């Protein structure tokens, strides 16, 4: 019985200490007192103080959870209260350690290029799913690299009505005497958002840039360069294009 009572007393002491420590951390490093936190805008104040650090030059920081976004999937364990998370992880912050693309399933829109750094999950307006969300770097828009011939395309940082816009980069070659060209149709294309034709000048002033095609057949890639009022015969050469589209 004595051993039992000792364990109970020890457990009560640990719980009390843990509770008191938690309360103190709400005010954190400014002072040991924490009564004013109830009327403060700051829920957690971890400001540095010589009371804690013993030196004005001894820094303190918060270490965020680390995750590899090329592997991470988002899931609820079944007991999570959906009502407490109406926008499905909207605002979740992690430090990403991976370089590559996010998985195709259970990670938002998937296929997003990520590099090491802080990211937050942006999923506004979706109370039922995470499939419309995307990982955005803290402090700026996500970087994405549209590489030539990537069949799956690349998810961009643009959404229209909650649907992500993908980008595919390809090339076509002209004869110098015809307006007809053939563009590769990206895998999974359901509707178009835009087409950009361009050629970077290696030497001299040979630069082409256009956002217009007279026509484009998404079933076979057949296209006519130019606009409805004026078709364009490009000089014989190989040109780059980027198709922006929805899946």
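The values are calculated or read from the model by the stated rules, or taken from the named source; none is laboratory data. Note that this is a predicted model, so its numbers are computed, not measured. Using ideal geometry, Cβ is built from the backbone for each residue, glycine included, and neighbour counts are taken over all protein chains shown.
Do we have any residue at all in segment 193-215 that's modelled with pLDDT of 90 or more and outside any strand (DSSP E or B)?
Scanning segment 193-215, I find no residue that is modelled with pLDDT of 90 or more and outside any strand (DSSP E or B), so the answer is no.
Given (1) outside any strand (DSSP E or B); (2) closer than 29 Å to residue 231 by Cβ; (3) without any contact (Cβ under 8 Å) to a residue 40 or more places away in the chain; (4) in contact with a strand residue (DSSP E or B) (Cβ under 6 Å, 6 or more places away or on another chain), identify the lone condition not met by residue 189.
Single failed check for residue 189: (3).
When the residues of segment 220-232 are narrowed to those that are at pLDDT 90 or above and assigned to a loop (DSSP other than H, G, I, E, B), which ends up nearest to the chain's Cα centre (by Cα)? Don't jump to the end; show me each part of the working.
Within segment 220-232, the subset at pLDDT 90 or above is 220-224.
With the extra rule that they be assigned to a loop (DSSP other than H, G, I, E, B), the set shrinks to 220-221.
Numbers: 220: 32, 221: 30 Å.
If we take residues in segment 220-232 being at pLDDT 90 or above and assigned to a loop (DSSP other than H, G, I, E, B), then 221 is nearest to the chain's Cα centre (by Cα).
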